[in-house]
Amino acid sequence: MTSISKWKILTGVFFITSIIFSAAFYSTYQQLQHLDLEGLQQRMNALEEQNTLLAQELYRTNLSLNQALKQNELYKERIKELEASLAPGATGVYGKAELDAPAVRQVEEIIGDFPFYEKRVTLEGAMIHVSVELKPGSGRVLVVTQPLMGVVFQDAANVAVYVAQKKTGVKLRGSDVIFSVTSNVEIPAVDGPSAGALMGIITVAALENISLRQDVTITGSIDKDGRIGEIGGVVEKAIAAKESGKSLILIPRDNSRLIRYVEEKKELAPGFVIIERRPVVIDAKEFIEDQVGIRVEYVENIDEALKYFTS
């Protein structure tokens, strides 16, 4: 065999080997690229979930701040009442009432192993038990929480007592109003305003000796005019109410619009698909009744809410 023939054979072998190597390299590259895209997509989805939770928490915090600002108006009006409480002849009253209220709590979960791990925070519904006791005293509004839940519950209690006095016409300057809030889990203080409407209802019930339905619950803040206002975590609260055996949950009409996220697949190139999450506005009552399985009614004020607890 001549040197030229050997050279042609070697050149051919080298050429074929190069083609095989290039094909294998391209296939491996495609697989790695696909894996990278999948990992990137998973990471993007996780970040979107965390952003959604952070947005929900910011939303709930803003609601709490707005509730605190409204306290100024209430406290101005209560100054006159406190001055009047110094007058002689104030008579104390007795009364008791109680209800279970839905709330939300944060649950932290560690995903992965050190050092490659992340902390994921989710929201879960929980039930708290709220009771009120009226007895002769000096016009104080006291809140006892177990475990400790923060001063926002105190603000909600102050407004609830003010509203109950306006509705019933009974002055409590000669009584102490004692709220007890108990739960087997910790509830963040920022969720305190959402118990305001329920506190108002049980205070009215205690003043008028009304028997309340225990299969009904409510979530919503309350202002000095008895209006029931917007809160956060309505779906999680509905789930907790359902799981605790409640047949009806009352929610503020301001919470009728619910934002949920739907996933949409988009093909960027053959074999490369990404999943995007798009916000959609839906009716809260329809969604909760269909997906959670508990009856929902919208309420705007304490008068509307009381009808469901006494019917």
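The values are calculated or read from the model by the stated rules, or taken from the named source; none is laboratory data. Remember, predicted model here, so these are calculated numbers, not experimental data. Note: ideal-geometry Cβ built from the backbone for every residue, glycine included; neighbour counts use all protein chains shown.
Summary table below
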item: Matching strands (runs of 3 or more DSSP E) fully within the stretch 165-284 where at least 3 residues are under 30 Å from Arg140 (Cβ atoms); result: 175-182, 216-218
item: Any hit, the stretch 273-284, residues being closer than 30 Å to Tyr162 by Cβ, modelled with pLDDT of 95 or more and of a type outside the set (Val, Ile, Thr); result: yes
item: Selection status of Glu133, surrounded by fewer than 17 Cβ atoms within 10 Å (Cβ to Cβ), in contact with a strand residue (DSSP E or B) (Cβ under 6 Å, 6 or more places away or on another chain) and part of a strand (DSSP E or B); result: no
item: The stretch 189-209 - residue that is modelled with pLDDT of 95 or more and β-branched (Val, Ile, Thr) and, of those, surrounded by the most Cβ atoms within 10 Å (Cβ to Cβ); result: Ile201
item: Search result, residues across the stretch 271-290 that are over 20 Å from Ile228 (Cα atoms), under 19 Å from the mean Cα position of the chain (by Cα) and either surrounded by 13 or more Cβ atoms within 10 Å (Cβ to Cβ) or in contact (Cβ under 8 Å) with a residue 24 or more places away in the chain (or both); result: Val281, Ile282, Phe287, Glu289
